[in-house]
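Chemist: The structure is given below, and queries will be raised subsequently.
Values quoted throughout were computed directly from the atomic coordinates according to the rules given, and no laboratory measurement underlies them. If you're wondering where the values come from, they're calculated on a predicted model, not measured in any experiment. Note that each Cβ is placed from the backbone with ideal geometry, even for glycine, and that neighbours are counted across all protein chains shown.
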Ligand SMILES: NC(=O)c1ccc[n+]([C@@H]2O[C@H](COP(=O)([O-])OP(=O)(O)OC[C@H]3O[C@@H](n4cnc5c(N)ncnc54)[C@H](OP(=O)(O)O)[C@@H]3O)[C@@H](O)[C@H]2O)c1
């Protein structure tokens, strides 16, 4: 068809092409728009890797770019463990089922690891490390993030840390440091890759060594991306430091380090977090987002386009050979713009200071949890006491299924009537128990028929 049109233009002139006037009028604009869309779509990964039998942990795998990552890993045959807020929520169950069907891979699972809580992260990591024999692990992909829209008040994690710092930085720090014994001891021929998903907003990050958790500084309500960017910048610096610690770890088999931690900037995408951020969680904001959608469509990547640099960091052989701590963007390694990436002292200080903060936060949260448990127990006892009578009556009205249950019910009945239980209990038949008022009558001995039926049932 295009050849026919070209032929007509060359041999018969442009007038022979139907609708030429329209093509002349709108063609250049369409070509420019197509060019912009293509340019902003970014680069594509061309590397392949067989992932059958390999195990990957993914945070934030239920939405946005993380979902694309899980889908690709699944198609390639990897075993994928999604680290989710809750495994009990029916949406997650459906999501995993759907992902298994779409990828034709039934080795996609979900484990609870709520990044909002350091305790939840620890519980997951401990469970993982407790596996005997130790579980294989080929990679961890940290996609999850929390971005608070402008205009909202400071929000907190369960450990009372600013939410963006808590989820994006602290939780991933905690997860990877807790999992590091498992990562470090993978067999030397295994190509273990950790990918930390960052963002261009790290350029706006402001690290204050004396206020890592942004506790002392005023929360920039109108520019929350400063805090978001800080969390991402600290995550990037953490990646460089943990890579150095992996390198300096002396393996028992004296083999070289086979864990590579790299940082990936996927570029701006039309993901749920972008929608939430632009709409600011309001209906008006959503309307603005919809009105501006053509611009987002043109200048922002789809999540599958954004995932390309993550695939590159996971599949390209260059990362097996080179030292980790690289910043990847548009499917290539780039030089970080922030000078902090070259400051090993700062990275080390940040790493150690964060470790101390986490220890304090975990301790405080544990004390708070204990207090809450005690308070709940106390209120439970109070309400339990008033409910006791009702539930005992209800259980007495139910048919007993064994002689011992029958004995127990009789004892309860006697207690409630203030009758001494010191003498040996005569057995009550279930039909006598169904009406609590019958207990006032002297219980008759069970007939041999009833008792033999019960025994034979047992
Ligand atoms: N969107 C962009 O334009 C852009 C640009 C540059 C970099 N990035 C980076 O790309 C990554 C993914 O961004 P996205 O836009 O694709 O995000 P998204 O669509 O908002 O998805 C965020 C994911 O994180 C999970 N998550 C959030 N809080 C969690 C918690 N407390 N515990 C467990 N999981 C939690 C979410 O789980 P639920 O489904 O349970 O909420 C969801 O799966 C982020 O690291 C972001 O910084 C994004």
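Chemist: Within the range 57-89, whose backbone N sits under 16 Å from a point 7 Å along Cα→Cβ of residue 158?
Modeler: 83-89
Chemist: Under the 0.36 nm per residue contour assumption, what length would be gained going from the current alpha-carbon distance of residue 111 and residue 39 to full extension?
Modeler: That pair, residue 111 and residue 39, stretches by 22.1 nm at full extension.
Chemist: Name the shape class, rounded, prolate or oblate, that the alpha-carbon gyration tensor gives for the range 55-363, where a ≥ b ≥ c are the square roots of its eigenvalues, rounded holds for a/c under 1.5, and otherwise prolate holds if a/b is larger than b/c and oblate otherwise.
Modeler: Verdict is rounded for the range 55-363.
Chemist: Still on this structure, please answer the following. What is the range 172-236 by shape, rounded, prolate or oblate, if you read a ≥ b ≥ c off the alpha carbon gyration tensor as root eigenvalues and call it rounded for a/c under 1.5, prolate for a/b larger than b/c, and oblate otherwise?
Modeler: prolate
Chemist: Please give the length that would be gained between residue 104 and residue 373 if that part of the chain were fully extended, namely 0.36 nm times their separation in residues minus their C-alpha to C-alpha distance (nm, one decimal).
Modeler: Residue separation times 0.36 nm, minus the Cα-Cα distance, leaves 92.5 nm.
Chemist: For residue 293 and residue 320, calculate 0.36 nm times their separation in residues minus their Cα-Cα distance, and state this gained length in nm to one decimal.
Modeler: So the chain would gain 5.8 nm between residue 293 and residue 320.
Chemist: Next up: What is the fewest-to-most order of 257, 142 by other Cβ atoms lying within 10 Å of their Cβ?
Modeler: 257, 142
Chemist: Can you figure out the FRET efficiency of residue 26 with residue 383, using R₀ = 51 Å and their beta-carbon distance, to the nearest 0.05?
Modeler: Calculated value: 0.10.
Chemist: Given a Förster distance of 60 angstrom, what is the FRET efficiency for residue 132 paired with residue 206, based on the Cβ-Cβ distance and rounded to 0.05?
Modeler: For R0 = 60 Å, the calculated efficiency reads 0.85.
Chemist: Still on this structure, please answer the following. In what sequence do 253, 159 fall when counting other Cβ within 10 Å, fewest first?
Modeler: Fewest-to-most Cβ neighbours within 10 Å comes out as 253, 159.
Chemist: How far apart, in nanometres, would the label points at residue 122 and residue 223 be if each is projected 7 angstrom from Cα along the Cα-to-Cβ direction?
Modeler: Each label point lies 7 Å from its Cα, and together they span 3.6 nm.
Chemist: Which order results if 362, 88, 247 are arranged by neighbouring Cβ count within 10 Å, fewest first?
Modeler: 88, 247, 362
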